[in-house]
Structures are given as structure tokens and as C-alpha cells.
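Right, one structure below, let's go through it.
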Amino acid sequence: MSFEVDCIRVPVDVQATDLRARARAVDELHGLVMSKRSEFEAKGIDSSVVLSLQIALKDSNPKVSMQCLSIIRTFLASVNLAGVEQNANSSHHVPSALWHRIFPLVMEKMADSKPHVRENAKELVVDAVLNAPLEVARELGAKLVSLASSHKVAFMREGVISCSSQCHRQLGSDFLPSQSMVQMLCQGLDDTNASVRESALQGLVQMVHLSPAIRQTLQVCQPASNMQICNDMCV
């Protein structure tokens with residue numbers, strides 16, 4: 001079943017109780033997006049499509065999740081994320097709903113139980129941050145910091161640290177102030193999960209290599225034992 005929006009058929013079975021029906025609906029939505037890319041490029045992303053994705057991204061089925069991430073990647077490849085006009089007939093914009101309603105749900109997929117879903121979500125978040133307008137990149141950075149400190153799932157905390165380290169390496173303070181980044185990584189060093197601690201340590205080592213002055217901030221917020229580990233790895 002579907003409904004018409006500006007002559008575009010949008011499936012509504014994304015919230016069906018039957019898994020096969022939901023999977024078919026997301027497949028149909030994916031096909032719709034691929035076939036209508038030129039229309040989305042010219043007019044932007046219809047709010048009904050955003051709503052369908054918002055519903056489908058909450059699905060726990062990995063096939064549905066992967067299709068949703070693929071759809072969003074198609075959107076990001078179809079538009080200029082900085083909002084710059086590339087020709088007279090195309091505004092090339094991403095609506096704020098995609099950032100504020102969809103990407104928080106994409107971030108939640110970094111806590112998924114399936115490794116391939118987590119990895120695809122992390123890649124998508126990094127791609128979005130690196131290509132987004134700076135004000136959006138900062139908003140996404142603040143959201144990631146919040147998840148790193150509050151999320152109960154270790155997969156999420158490790159994923160946030162990994163994504164944030166990559167983004168900060170590329171964008172620096174345009175993504176997160178260095179002090180905020182160091183504080184998040186220092187917090188990760190005290191995490192109960194070994195993978196989170198390892199990711200945080202690797203992130204700190206990268207920061208020290210790029211900016212030796214970071215050592216002064218580390219000396220303030222970290223015990224001598226952790227500083228010694230970081231120093232040893234930086235040799």
C-alpha cells in the first residue's frame with residue numbers, strides 16, 4: 001500500500017506488523033528514491049519520505065536497517081550538503097528534518113547488535129559530518145558528545161569515540177573544540193568496556209601526534225598512569 005505526494009508514491013507499510021511487508025515497503029522506498037533522484041535533487045526531499053525513514057529506522061530488523069542507511073546515503077550523494085547552488089535549475093539542499101529527525105536515529109544504529117549495521121551507521125555519520133554545513137557539523141558533534149557520556153550500550157560509546165576522532169582529525173575545532181574532544185576521550189579511558197577504552201586511547205594518541213600541546217590538557221584531566229600509557233604509545 002502507498003500514498004501519493006506530489007505524484008510520488010510513498011509506501012506506508014514500513015510500520016506493518018509483518019516483517020516481510022515492512023521489508024518489501026523499504027525495498028519499494030529504496031527503489032522510489034533511486035528512480036526519483038533527479039526530482040529530489042531539484043525539489044529537495046519530500047517530508048513524507050523523511051517520515052517513512054523515521055519510522056523504518058526504528059525497526060530492529062537488520063535488513064530494514066541496512067536498506068534505510070542505503071537510502072540516506074543515496075540522499076547525501078544526490079545533494080550538495082553545504083546548500084550551494086550548482087546550476088540555475090537545482091537548489092541542492094537537505095531539509096533540516098533530515099539532520100534533526102533522521103540523523104539522531106542513524107546514530108542510534110551505532111548501538112545495533114549486528115556489526116555490519118553498526119559499521120555502516122558509523123560510516124554514514126562520518127560522511128555526513130565531513131560534508132555538512134559547519135553549523136550542522138557542530139550540532140552533530142554536540143549530539144555525539146551527549147551520546148558518549150550517557151548511552152548505556154558500549155557499542156554506541158565506542159562508535160561515538162571512533163566517529164568523533166575521525167571527524168576531529170579532519171575538521172578540528174570546526175567539529176568540536178579540542179578541549180571538549182579531550183574531555184570525551186578522557187572519559188572514555190575510564191569506561192568499563194575494554195573496546196571503548198582502546199578507542200579512546202587511540203583517539204588521544206592521534207590528537208597528541210597532531211598537536212603536542214594537547215599533552216598539557218591531558219595532564220590536567222588524566223591520572224599519571226593513563227598519561228604514561230599515552231606517552232608510551234606516542235613514542
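The values are calculated or read from the model by the stated rules, or taken from the named source; none is laboratory data. Since the model is a prediction, treat every value here as computed from it, not as a measurement. Positions of Cβ are generated from backbone atoms using ideal geometry, with glycine treated the same way; all protein chains shown enter the neighbour counts. For accessibility, only protein heavy atoms count, side chains too; no ligands or nucleic acids. Shrake-Rupley method; radii C 1.70, N 1.55, O 1.52, S 1.80 Å.
Note on GLU135: accessible area approximately 110 square angstrom, rounded to 10, probe 1.4 Å, nucleic acids and ligands left out. Inter-label distance, SER150 to HIS100: 1.7 nm, where each label sits 7 Å from its Cα along the C-beta direction. Under the simplified labelling scheme, the LEU210-ARG169 pair shows an inter-label distance of 0.8 nm, with each label point 7 Å from Cα along Cα→Cβ.
Cα to Cα, under 22 Å, and not fewer than 8 places away if on the same chain: which lysines meet these conditions relative to LYS114? The reachable lysines, counting only those whose Cα sits under 22 Å from LYS114, are LYS58, LYS63, LYS122, LYS152.
Working ranking of peptides 63-72, 166-175 by packing, defined as the average number of other Cβ atoms within 10 Å per residue, highest first, is 63-72, 166-175.
By how many nm would the segment from ASN61 to GLN179 grow when fully extended, if each residue of separation counts as 0.36 nm and the alpha-carbon distance is taken off?
Taking 0.36 nm per residue and subtracting the Cα distance, the gain is 38.7 nm.
About the centre of its Cα atoms, segment 127-177 shows a dipole size close to 200 debye [charges on the beta carbon of Lys, Arg (+1) and Asp, Glu (-1) only; nearest 20 debye].
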